[in-house]
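Before any comments, here is the structure.
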Amino acid sequence: MKKLLGYSDFRKLLGINFFLTLSIMMQELLVSYEMYKLTKNPLTLGLIGLSIAIPYIGLSVFGGYLADNKNKKSIIILSMIVLFACGLSFYLLYSEFFQLSQDKVIKISYLLFGISGLARGFYQPAISAIRPFLIPRELYSRGSSLNSSSWQMGTILGSIVSGILYSQFGLDVSLIASTFVITIAIFLASAIKTSLPILISSNDSSGLWKSILEGIHFVLKNKILLYSISLDLVTVLFAGVVAILPVFAEDILNVGPTGLGYLRAAPAIGTTLGLFFMSLYSPMNKAWRNMIIAVAGFGIATLIFAISKDFYLSLIMLFFTGIFDSISIVIRGSLLQLIPPDHLRGRVQSVNNIFISSSNELGAFESGVAAKLMGTIPSVIAGAGLTLVIITIVYYKTKDLLNHRFQ
């Protein structure tokens, strides 16, 4: 770890991930909790995920193309400026500066989340594509763990701080604080000095769409890369509960905004501890075996969370979902650094981002819809059960990958 932190621009990258994630987490938690309080409808929370996912998925592959063919640093900074503008707009919207009706406030909130998703569609491929140029290849696996730890720490702090600020000072002060944090990430990005080459494939001259499709075809042809990305999608799509935590905090566990902050932080704490452990002991020795164990563990922990009526047991189960998720994060992140060639990495990363967005944001939509139709607790039980069925089927179909080694 000391060797990794010796690279100045890599330290700046960790700072960017931490502060931007801190800001985004605070905004999403604050606004989603306020929207649920206004509507008392879990579908409201699901639609937040959908409003982010549609522009993110629609533009992410093109964002990967730009990351490979344009100035990565400029893309990162411009994307964060848009996110800053969204944060400021949320503050103005909920401070009643415009004196709008509740219906208009909800609709404009969805629009702002959509713009945020658009900015992330450009930001994520660019920020992922620069990391391999900041550290040597032999440090990719540990770099992936430390990089993931930085945004998990942002998630932890953002969750806890937003809940405390909301309880003590109200929504307005909390939103202003979350928006200010983005300026630190913008400053760090502007200070990166490493030369970031624009790597254009020899096939790029044949056209934009053919160039974009290169990244998709590469993922589809690589079995372990495809399976690892797909499993993450299935796990979070069906067994994820993060989007509907405001319902658990407000109506099931009755712990309010402060308790919501702790519930949201629990998975991130588990993930951070898991990532730290794996920065010392790589899970890549038998990557696919470890991936299967992680997904199964995630499903079991989610199932216990669904039936829990005790706040502390719920925290512990969410903590374990983070532990198991960290295994998947490191394996997938390492594969994405090791396998794609330099000139394709941005486009391959954008394909991964589409899957991740599909699992996180469309998973949020699925959670909201399922909670509305089936009830909150039954929907989580059903999703966790389905995940365990799927991972059992995948285990029997991919036994040839169980002893596959990556170093």
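The values are calculated or read from the model by the stated rules, or taken from the named source; none is laboratory data. A quick note: this is a predicted structure, and the numbers were derived from the prediction, not measured. Cβ sites come from the backbone with ideal geometry, for glycine too, and all protein chains shown count toward neighbours.
So here's what we get for this one:
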| quantity | calculated |
| --- | --- |
| Selection from segment 272-282 of residues that are under 16 Å from L335 (Cβ atoms) and crowded, with 24+ Cβ neighbours inside 10 Å | L275, M278 |
| Top-ranked residue in segment 304-319 [being assigned to a helix (DSSP H, G or I) and either in contact with a Gly (Cβ under 7 Å, 6 or more places away or on another chain) or among the hydroxyl-bearing types (S, T, Y) (or both); ranked as surrounded by the most Cβ atoms within 10 Å (Cβ to Cβ)] | S314 |
| Breaking point among (1) out of contact with any helix residue (DSSP H, G or I) (no Cβ under 8 Å at 6 or more places or on another chain); (2) in contact (Cβ under 8 Å) with a residue 60 or more places away in the chain; (3) outside any loop (DSSP other than H, G, I, E, B), for V295 | (1) |
| Residues that are aliphatic (A, V, I, L, M) and within 23 Å of I81 (Cβ to Cβ), drawn from segment 134-160 | L134, L157 |
| Extreme residue, surrounded by the fewest Cβ atoms within 10 Å (Cβ to Cβ), among residues of segment 129-156 that are aromatic (F, W, Y) and farther than 27 Å from F319 by Cβ | F133 |
| Selection from segment 59-94 of residues that are more than 19 Å from F180 (Cβ to Cβ), assigned to a helix (DSSP H, G or I) and not hydrophobic (A, V, I, L, M, F, W, C) | S60, G63, G64, Y65, D68, N69, K72, K73, S74 |
| Some residue of segment 95-114 being modelled with pLDDT under 80, of a type outside the set (A, V, I, L, M, F, W, C) and either part of a helix (DSSP H, G or I) or farther than 27 Å from G270 by Cα (or both) | yes |
| Which listed residue is surrounded by 23 or more Cβ atoms within 10 Å (Cβ to Cβ), more than 30 Å from P132 (Cβ to Cβ) and among the aliphatic types (A, V, I, L, M), from L45, L50, L22 | L45 |
| Test: S159 is under 22 Å from L260 (Cα atoms), surrounded by fewer than 22 Cβ atoms within 10 Å (Cβ to Cβ), among the hydroxyl-bearing types (S, T, Y) and touching a residue at least 12 places away in the same chain (Cβ under 8 Å) | no |
| Filter result for I269 (surrounded by fewer than 16 Cβ atoms within 10 Å (Cβ to Cβ) and among the β-branched types (V, I, T)) | no |
| Residue tally, condition within 20 Å of the chain's Cα centre (by Cα) and outside any helix (DSSP H, G or I), over segment 216-252 | 2 |
| Residue check for Y262: more than 29 Å from N222 (Cα to Cα) and of a type in the set (F, W, Y) | yes |
| When residues of segment 254-287 are limited to those that are in contact (Cβ under 8 Å) with a residue 60 or more places away in the chain and not in a helix (DSSP H, G or I), the one farthest from V241 (Cα to Cα) | N285 |
